[in-house]
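Take a look at the structure set out below.
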Amino acid sequence: MPVKKIDKNRWEISNATSLHKISYSVDDTWDTRLPQKVFEPAGTNIEKDNNFVLNNHGFFGFFDQKIDYPFQIKIKKNKTLYGSTSLKKEFTSDTLDHYIVPNYHRLVDNPIMYAQPDTASIQVGDTQVFIGLHSPNKKINASLVIEKLEDVLIAQEAFLKGKLPTDRYTFIIYLTDEPGISGAMGALEHWNSSFYFLPYGSPNRILRIIQDIAAHEFFHIITPLSIHSEEIANFDYMEPKMSEHLWLYEGVTEYFAGLALVQQNVIERETYLNALNKKILSTIKLYDRDLSFTEMSKGCLDEHGDQYPNVYEKGALIALGLDIVLLENSNGQQDLRDLMITLSEKFGSDKSFKDKDLFDIIGKVSGIPETTAYLNKYVGDNNRLPLEEIFQKVGIDYAEKRVTPTGTFGNIGISMNDQEELFIEDISDMDVFGLKMGFQVGDVLLKYNDTDLTVENITDILDSVINSPKKNTKIKVTVRRQGKIVKLKTKTIINHQIEENIFELNDNCSKEELRLRELWLGKTTDEE
């Protein structure tokens, strides 16, 4: 039968009504010699009798106009290999696995890895979580991984109030002692599974890496599993178009991954806040701050590809800001987690929304119109996030840059003599103020203006001079120099100290700010 190749993705078969069977060969991407490399978690691997990674778009196509038809996949295999996947097996034997998949979207979104059996599972609420591991050196096994993930998964289930929207989830993990051809390591999320391509290392180090990545990937059971736009649900494989809401799919997921762990006391509050601070620094230093997030999302496959990693940085900060808007305007009765659970129940895996409607949907579902205003201004438009204002509401002092006026007392070294008098011991680093005042080594400090200088009050006076300077104020200092009383005087000199990236808890925050902080992060042991 005549076959014509239309482009790199499509073939046309003439007289297809007579078609009974198509046979074709495929090569894997993990060791390709072609110039365009594929990130390993999105690619395919063929190692005879050892390992097969089936990201199914690398093996199966679909007929035009029949993308929503069901697929039956029958895989003949070596009896020593086991297939790890979230696809349910209609039939399995030592040499055959039979899967039935409702449509092509589900097929390509469920990777399968065939390898020597190394599996483990755990029940998390109503969800059965599986691990399928390929680790040739056997220093790490699936049981160790599930043990490391248990606290994270239980914390996430508690964070979501026991409402996990899938009954089955699979972590598929390939460990390697050789770098992949793409030069990258990491993971990709799928409908109700995730695939990991990671390097060998010490078991403790690799288990921590898996834990950190899994904390993010598992939360994708909310987005996009249960909350997604038409662009995601009806993905165009010929002319891919991205949704404009990567802040939702990746940003909220990344935000929840850390928030769940701090709220459930799996990690320390300080650890979490340090991680947030790093995200702030990354989004400021590495990415275009004046590019709207919706525009970046739509263009992340081409013109804005270099901005994509910002979904894990600014995307998470966008989610944080929305969380605070919800908490503040609901008097603490609703947070972002509640909103996402409600949206998940409203839409679910089989119902999608239009990209342009999402901000209004969130306003209506939450009952808080301020959410729509926030999203329009800071996600839909190119305004910078009001981080100082956001963090102030939860009792955190943040400033990208702060200029603080400071005074000086000359930057001299002061000590105490045998008579418990204060005297100038060192002027090697004396500044302009000290020079104008005329300080000399050996001067005994007697008075500051009309106040006697003593060991007891010198600290308070210096603090006032340095931290609360008054412009153009005359300062008089009386000293005893070689037995004579000398009066020195000059005007204050104010310097301007520039501090960058101020990020610290405000111990003197208001009761309302402290209450919002506790609702946001959970109470610490001391606060409880």
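Bear in mind these aren't lab numbers, they're just calculated from the coordinates by the rules spelled out. All of these numbers come straight from a predicted model, not from anything done at the bench. Heads up, the Cβs are rebuilt from the backbone with ideal geometry, glycines too, and the neighbour counts pull from every protein chain shown.
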Environment charge at M430 (Cβ cut-off 14 Å; Lys +1, Arg +1, Asp -1, Glu -1): -4
Within region 451-477: backbone nitrogen closer than 15 Å to the V432 label point (7 Å, Cα to C-beta): 471-473
Note, ³J(HN,Hα) from phi for region 335-347, Karplus 6.51, -1.76, 1.60, rounded to Hz, x at Gly and Pro: 10, 5, 4, 4, 4, 5, 5, 5, 4, 4, 6, 5, 9
Region 300-331 residues near the modelled R515 label - backbone nitrogen below 12 Å, point 7 Å along Cα→Cβ: 328-331
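What is the chain's relative contact order, in percent, from Cα pairs under 8 angstrom and six or more apart in sequence? It would help to have the intermediate numbers written out before the result.
Values: 896 pairs, mean separation 50.7, N = 528.
Relative contact order of the chain: 10 percent.
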Per-selection metrics, region 47-131 (Cα): Rg and Dmax in Å: 13.8, 40
Centre separation in Å (Cα based) which lies between region 454-491 and region 162-202: 65 Å
Test item: Cα-centred dipole of the chain, Lys/Arg +1 and Asp/Glu -1 on Cβ, debye: 780 debye
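About its Cα centre, how strong a charge dipole does region 106-170 have in debye, to the nearest 20, once Lys and Arg get +1 and Asp and Glu get -1 at the Cβ? Don't jump to the answer; show the numbers that get you there.
On the way: 7 positive and 8 negative charges, 28 e Å.
Taking the Cα centre of region 106-170 as origin, the dipole is about 140 debye.
Between N9 and S464, what's the calculated FRET efficiency when r is the beta-carbon distance and R0 is 60 Å? Round to 0.05. Intermediate values should be presented prior to the final figure.
Details: r = 74 Å, r/R0 = 1.23.
Efficiency computed from Cβ-Cβ geometry: 0.25.
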Under the Karplus curve 6.51 cos²θ - 1.76 cosθ + 1.60, θ = phi - 60°, whole-Hz ³J(HN,Hα) for region 36-42, x wherever Gly or Pro sits: 8, 9, 10, 3, 3, x, 9
Sites Q72 and D151 - FRET efficiency at Förster radius 41 Å, r taken between beta-carbons, to 0.05: 0.55
Label-point gap, in nm, between I502 and K163 - each point 7 angstrom along Cα→Cβ: 4.0 nm
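Using Cβ counts within 10 Å as a stand-in for footprinting exposure, how do I466, I485, I318 rank, fewest first?
Details: I466 14, I485 11, I318 24.
Ascending Cβ contact count within 10 Å gives the list I485, I466, I318.
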Exposure proxy order (Cβ contacts within 10 Å, fewest to most) of S415, S344: S415, S344
Gain in span if fully extended, E239 to D450, counting 0.36 nm per residue against the direct Cα distance: 67.9 nm
Distant-in-sequence amide H partners of A120 (H built 1.01 Å from N, under 5 Å): I131
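Take S510, S194 and order them by how many other Cβ atoms sit within 10 Å, fewest up front. Numbers along the way, then the final one.
Values: S510 12, S194 24.
The fewest-first ordering by Cβ neighbours comes to S510, S194.
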The chain - share of DSSP beta bridges that are antiparallel (%, nearest 5): 80 percent
Charge dipole of the chain about the Cα centre (unit charges at C-beta), most positive-ward option of L286, F391, I458: L286
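If contacts are Cα pairs under 8 angstrom and at least 6 residues apart, what is the relative contact order of region 408-493 in percent?
On the way: 148 pairs, mean separation 23.7, N = 86.
Averaging sequence separation for qualifying contacts and normalising by length gives 28 percent for region 408-493.
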